[in-house]
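Below is one structure, written out as structure tokens; the observations come after it.
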Amino acid sequence: MAPLGATDMDVGVLFADLRGFTSWCEDQPPEAVERALNRFYTVTTSAVTEGDGLVDKLVGDEVMGLFLPVFPALGDHTCEVMLTVAERMIWCLNDSTSGAPALPVGIGLNFGGARVGNVGAGEVKDFTALGDVVNTAERLQEAARAGEIVVSEVVYERIRHRYPQAAPTPFDLRGKAEPVLARVLAIGD
């Protein structure tokens with residue numbers, strides 16, 4: 001088993017969460033919930049790994065992905081790749097050509113310094129990223145509506161050519177002392 005320990009590095013963080021899933025589950029048999037979650041996990045984890053990211057966590061109807069610029073395939077293009085992954089998630093989850101219902105998802109993206117490595121206790125260890133960059137990405141995801149990707153200003157500076165009209169919006173994010181400026185990218189509009 002890998003030892004405990006972490007190092008400081010820049011990291012791209014993606015959180016994707018299904019919108020309205022708890023309410024939807026109230027009227028569904030467990031098998032339908034299982035099918036929906038399996039489809040969500042399949043689409044999101046495939047998108048992350050095909051984008052040279054790491055799937056950090058699957059928690060309920062939420063996925064956390066990490067994109068490490070130290071990987072040669074990412075490097076200076078980490079935010080570009082992360083955005084492409086997020087767009088793919090939304091498109092694939094809204095594609096009903098397979099007969100499966102659309103799964104509305106909101107996504108948050110952030111980039112910055114974190115502590116990355118193994119944390120835990122005893123036999124329970126987890127490779128993850130820790131720090132404000134992670135917490136902010138998760139809060140940006142909470143602010144995203146279905147079909148939206150909310151990106152931090154740091155991410156936006158690296159992908160602005162793809163969404164030049166995205167205006168800065170202040171968000172009062174849970175747990176943050178001050179409003180955070182971010183950009184809302186509506187996919188499929």
(request) Can you grab the distance from the C-alpha centre of segment 158-189 to the C-alpha centre of segment 16-69, Å, no decimals? (result) 22
(request) Within 10 Å, count the other beta carbons around each residue, average over each peptide in 40-48, 93-101, and list them highest first. (result) 40-48, 93-101
(message) Quick check on the chain: helices-only [θ] at 222 nm, where DSSP H runs of length 4 and up contribute -39,500 (n - 2.57) each and the sum goes over total residues. Nearest 500, please.
(response) -10500 deg cm²/dmol
(message) Here are a few candidate values for Rg and Dmax of the Cα atoms in Å: [x] 19.7, 71; [y] 16.5, 49; [z] 23.3, 93. Which one was actually calculated from the structure I just gave you?
(response) [y]
(request) Go through 17-27, 151-161, 76-86 and give me the packing order, highest mean Cβ count within 10 Å leading. (result) 76-86, 151-161, 17-27
(message) Using +1 at the C-beta of Lys and Arg and -1 at the C-beta of Asp and Glu, which of Phe111, Cys79, Gly53 has the Cα lying farthest in the positive direction of the dipole of segment 50-123?
(response) Phe111
(request) Between Val119 and Leu4, with labels modelled 7 Å along Cα→Cβ, what's the label distance in nm to one decimal, could you check? (result) 1.2
(message) Contact order normalised by length for the chain, with contacts defined as Cα pairs under 8 Å and 6 or more residues apart; what percent is it?
(response) 25
(request) Go through segment 119-153 and name the trypsin sites (Lys or Arg not before Pro) that are in a DSSP coil and have 14 or fewer other Cβ atoms within 10 Å of their Cβ. (result) Arg145
(request) Starting with the highest mean, order 32-39, 63-70 by the number of other Cβ atoms within 10 Å, averaged over the residues of each peptide. (result) 63-70, 32-39
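Read the figures in this text as sums done on the coordinates, not as results from a lab. A quick note: this is a predicted structure, and the numbers were derived from the prediction, not measured. Methodologically, a virtual Cβ is constructed for each residue, glycine included, from the backbone with ideal geometry; neighbour enumeration extends over all protein chains shown.
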